[in-house]
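Chemist: First the structure, then my questions, so here it is.
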Amino acid sequence: MKGRLSHPSTPIPNDFVRKTGKKRGGYNCGRCGLPKKGHVCDFTKDSINEVPTPTSGDAKSFVSPSMSSVIRPQPPPPPPPRQAVPQLRRALSFDDIGVTDESPGSDDDDDEREELLDLESELDISGSGKLPANCLWEVLKRLPPSSLLSSAKVCKGWRDVSRRIWRSAEELRLGVPVNAQIGLVGSVLKKCPGLVKLSLRMKSDVDATMLACIAFSCPNLDSLEILTSDTSVNRITGDELGRFVAEKRCLTNLKMEGCSNLGGFTLSSTSLSALCLSDLFCHSKMVFNCPNLKEISLEFSRQENDNTDLTAMVDGLGKSCPRLQNIHVASVRLTHAVVLALTAANLRGLRMLSLVLGSEITDASVAAISSSYSWLELLDLSGSSITDSGIGMICNVFPETLSNLLLALCPNITSSGIQFAAAQLPNLELMDCGMSICNPDLDSPASQKNDNVELQRTPSSKLHLIYQKLIIKHSRLKKLSLWGCSSLDSLYLNCPELNDLNLNSCINLNPERLLLQCPNLESVHASGCEDTLVETLKNQVSDDFTAEDYFPCKRLPDGSKRIRVPLLYSPQPFDDAKRKRRISKQRSAVLVY
């Protein structure tokens, strides 16, 4: 068997023979076995496999190498090619585990179980009563931020778990106390590098320094909410807000209160999809350059000296935000001209339109809206001056699409218009008519003391506006609000899907003229109502009742139906085999504040 041979003139001792296996510090030549330091090997690859044949002259000087020095171990075979292993999530990396419940797109249960087992093996939780790491994770992640900071002081295991919870947090709701330093918020945000959604409830003043801290600490922020209180002042200007929105390219949702100091501003963003600004006042320029904006809510101050040009603002929305789907504007300066500018924008994707507190919005405005946007799903004209004729136009244009109709604070509509809307809109699920069926002369405290005298002085032509009757029969209506309807005298509801009814401050509603046939009713709000009305409501929305000897309905010659069971019982299919049956209702409550 041939092997590697040493230098012919220099025999190799056994100490220099390379042994099998790699040892740290063995720096010998692989061909001749001599130390590599300052060594130039004379052997080539071809001469290693050839055994030299000594001649007669140098036979004496030739030393035959021993087998241990000639036969060298064969190198191990090359390892098989390494297969590409997918990038698996580490056991200690909780970047995609939220603080809340598990999302539908999470990994399988087996993978999570293996990760939690690895977490238990790597964390030192000996000082926590040997509580499993997965249980400790589930407990600590439900704590508020202040308690989570305190739990890190218990032991090393708790501290490690709390740090991982902070790093894995994707949503944070933080209350900033009065006179709090910016370093407090910065220290908390620094613990959450993967924060996606942030909500700050400010009790201290907020300025551009807070925006800079948020931009530095939350590079992947997707949603920002800044809420103010009575003790805080928002000092952020329009230029500072515009710079923040332009730099945060991943920001999609922004909500900010107390925006009275913005002045003129320009918001430019390709990622922003939802924007909500409140307490706006006297803005010289409002430009929204957001091509992907889908929802906008602008609430202005109710001061009469507000000089914001809403017509120019709405006209700019149609040009720079073509994908708008939801628009909400609340301002006392809303006029018919603003509605015309909105209809000229031709927003084809508009689904929800809310124009609130515009006393100059009339039936002509309703006609303009109906002609341009006939596919609306929500229409809110609360505080407008529309009449029953405007409600008729709404019913004629949106019979199949409209599901939410809000007409609160509309003094010119009556119960007849509301009944017509409920009858002509089959897909209606929410209706708000608060403070619409009311008589302002009877709502004041002074007039309530002498209401009998006032009623005697009221002309007979206006008595129908005081004693109004409302009858609604709807198969899909779920929420009905009649708060403050002081002129409502009678109410009859037959809505099997209704689950929420608001009758707050219905001071003139007669308990004897109240009938609720709503088996799924869950809550009734009756704050400010008479005690007799509250008792009647409690009796009609009782938990369960029994109906015996049920008889079918009989049609009379005039086309009406006679129901021979008590009116409170819902009609059931007639069955001769079951004469007695128990009708159960969901547990409902009458709420009196």
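A quick yes/no check of all residues on (1) farther than 24 Å from Thr401 by Cα; (2) assigned by the TED database to the domain that holds Cys433; (3) open to solvent by 10 Å² or more (accessible area, probe 1.4 Å):
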site: Cys290; (1), (2), (3): yes, yes, no
site: Leu298; (1), (2), (3): yes, yes, no
site: Asp306; (1), (2), (3): yes, yes, no
site: Lys319; (1), (2), (3): yes, yes, yes
site: Gly349; (1), (2), (3): no, yes, yes
site: Ser374; (1), (2), (3): no, yes, yes
site: Leu381; (1), (2), (3): no, yes, no
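Chemist: For segment 334-345, check the following and say yes or no: at least one residue is among the hydroxyl-bearing types (Ser, Thr, Tyr) and buried (at least 17 other Cβ atoms within 10 Å of the Cβ).
Modeler: yes
Chemist: Among the residues of segment 452-503 satisfying the criterion of being of a type in the set (Phe, Trp, Tyr) and at pLDDT 90 or above, which is surrounded by the fewest Cβ atoms within 10 Å (Cβ to Cβ)?
Modeler: Selected residue: Tyr492.
Chemist: Only one residue in Thr401, Thr343, Thr362, Thr308 is within 29 Å of the chain's Cα centre (by Cα) and not charged (D, E, K, R), so which one is that?
Modeler: Values: Thr343 fails: within 29 Å of the chain's Cα centre (by Cα); Thr362 fails: within 29 Å of the chain's Cα centre (by Cα); Thr308 fails: within 29 Å of the chain's Cα centre (by Cα).
Among Thr401, Thr343, Thr362, Thr308, only Thr401 is within 29 Å of the chain's Cα centre (by Cα) and not charged (D, E, K, R).
Chemist: Looking only at segment 240-261, filter to residues that are open to solvent by less than 20 Å² (accessible area, probe 1.4 Å) and farther than 15 Å from Asp205 by Cβ; which one of those is modelled with the lowest pLDDT?
Modeler: The extreme case among them is Lys248.
The values are calculated or read from the model by the stated rules, or taken from the named source; none is laboratory data. None of these values were measured; they are calculated from a predicted model. Cβ atoms come from the backbone with ideal geometry, glycine included; neighbour counts cover every protein chain shown. Surface accessibility is based on the protein's heavy atoms, side chains included, excluding ligands, DNA and RNA. Shrake-Rupley method; radii C 1.70, N 1.55, O 1.52, S 1.80 Å.
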